[in-house]
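Novice: Pasting in a structure now, in structure tokens, and then I'll have a few things to ask.
Bear in mind these aren't lab numbers, they're just calculated from the coordinates by the rules spelled out. This is a predicted model, so every value here is computed, not measured. Reconstructed Cβ throughout: ideal geometry from the backbone, glycine too, with neighbour counts over all protein chains shown.
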Amino acid sequence: MSIFADNIRFLRGKKGLSQQSFANEILIISRDRYSKYENGRSEPPYEVLIKISKYFNVSIDLLLTVDIRKYPLEDVLKLPDNRIVLPVVVDKLGNNSIEIVPQKASMGYLSGYSDPEYIESLQRISLPFLTNGKYRAFPAKGDSMPPFKDGSFIIGKYIENTEELKPNKSYVFVTLNDGISYKRFKSKNEKSVTVTSDNSFYEPYEIPFGEIVEIWQYASGIFPEDFEPDNFENYNLKEMFLELRGDIRKLEDKIFNQN
């Protein structure tokens with residue numbers, strides 16, 4: 001029996017529908033044809049699969065790959081691009097459980113973010129001051145967003161769409177090309193968002209909407225035991241270097257134009 005067959009039988013039962021009524025009234029196909037889907041003897045064509053997905057409000061990806069009988073559908077957080085994250089989980093004291101994406105496994109997050117089994121395998125912590133939302137901790141990399149650097153974690157609160165982005169606020173952007181990145185949101189247009197680093201050495205850049213997988217708004221941070229704030233003089237030096245480089249370019253252009 002396939003996962004898909006088990007899922008549609010389970011969902012039909014939750015709706016209190018018979019095979020006959022679901023097949024004839026919803027899918028507009030014969031009961032005999034539909035029963036083959038539930039028995040795993042046949043697979044539906046795309047148009048029928050889409051109808052099933054839309055009727056139950058469950059993504060095709062989920063229908064085909066995850067045994068949804070294991071999860072309380074009523075508590076699942078629905079994402080706009082037809083994916084899901086696990087329900088908000090609380091500990092014995094009622095505090096939200098925050099999943100931690102480990103440093104070594106951060107590259108695998110892009111292929112596991114929509115897999116309930118992967119998310120369930122992550123370690124969890126609880127912080128009583130973080131409530132009313134879904135939180136996840138991501139590893140920091142590089143020096144683009146001081147004071148976060150290698151070894152520290154950024155806790156983000158999940159947001160459902162780009163309409164919730166606020167200028168000059170920091171977010172974890174999970175993207176198809178760059179994976180996990182922590183940046184400050186500046187602006188957006190019809191096709192992309194513009195983000196920047198707090199370290200002025202790095203230039204602002206655009207992220208096309210089609211590359212964005214998830215967005216998590218900065219909520220808190222976790223720093224290593226031996227954490228020491230960076231000396232911001234380093235960043236001032238880099239800013240001076242950028243200004244000097246700009247002056248050199250202007251001088252070169254002026255000389256070129258004179259010749």
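Novice: Using the Karplus equation 6.51 cos²θ - 1.76 cosθ + 1.60 (θ = phi - 60°), what ³J(HN,Hα) coupling, rounded to whole Hz, does each residue of the range 192-207 give in order, writing x for Gly and Pro?
Specialist: 7, 10, 9, 10, 8, 9, 6, 7, 5, 5, 9, 7, x, 8, 9, 10
Novice: Turning to a different aspect of this structure: Please list, in chain and number order, the residues 5+ apart from Ser192 or on another chain whose amide H is under 5 Å from its amide H, with Hs placed from the backbone.
Specialist: Phe209
Novice: Taking a threshold of 21 Å on the Cα-Cα distance, which of the pairs Lys14/Lys157; Lys134/Lys186; Lys14/Lys51; Lys134/Lys188 fall above it?
Specialist: Where the Cα-Cα span goes over 21 Å, the pairs concerned are Lys14/Lys157; Lys134/Lys186; Lys134/Lys188.
Novice: Give me the extension gain from Asp178 to Ser18: residue separation times 0.36 nm, minus the current Cα-Cα distance, reported in nm with one decimal.
Specialist: 52.9 nm is the gain from fully extending Asp178 to Ser18.
Novice: Length gain on complete extension for the stretch Arg124 to Ile50, per 0.36 nm per residue less the alpha carbon to alpha carbon distance?
Specialist: The Arg124-Ile50 span can extend by a further 23.1 nm.
Novice: Nearest 0.05, what FRET efficiency do Arg31 and Lys70 give at R0 = 35 Å with Cβ-Cβ as r?
Specialist: Working from the Cβ atoms, E equals 0.80.
Novice: Here's something else I'd like to know. How far, in nm, would the chain grow between Thr131 and Glu206 when pulled straight, counting 0.36 nm per residue and subtracting the alpha carbon separation?
Specialist: 23.9 nm
Novice: Return, for the Cα atoms of the range 119-160, the radius of gyration and Dmax in Å, separated by a comma.
Specialist: Expressed in Å, the Cα Rg and Dmax of the range 119-160 come to 11.9, 31.
Novice: Now, a different point. Could you check the simple spin-label distance between Thr162 and Asp61, using points 7 Å along Cα→Cβ, in nm with one decimal?
Specialist: Computed distance between label sites Thr162 and Asp61 equals 1.8 nm.
Novice: Tally Lys and Arg at +1 and Asp and Glu at -1 over the other residues with C-beta under 12 Å from the C-beta of Asp32: what net charge comes out?
Specialist: Neighbourhood net charge equals +3.
Novice: What is the packing order of peptides 172-181, 20-29, taking the mean over residues of other C-beta atoms within 10 Å and listing the highest first?
Specialist: 172-181, 20-29
Novice: Would you kindly calculate the translational diffusion coefficient of the range 167-206, applying Stokes-Einstein with the Kirkwood radius from alpha carbon pairs, for 20 °C and a viscosity of 1.002 mPa s, and quote it in µm² s⁻¹ without decimals?
Specialist: In µm²/s, the coefficient is 205.
Novice: Given a cut-off of 19 Å, name the pairs among Lys15/Lys70; Lys15/Lys54; Lys149/Lys191 whose C-alpha atoms lie farther apart than that in the structure shown.
Specialist: Lys149/Lys191
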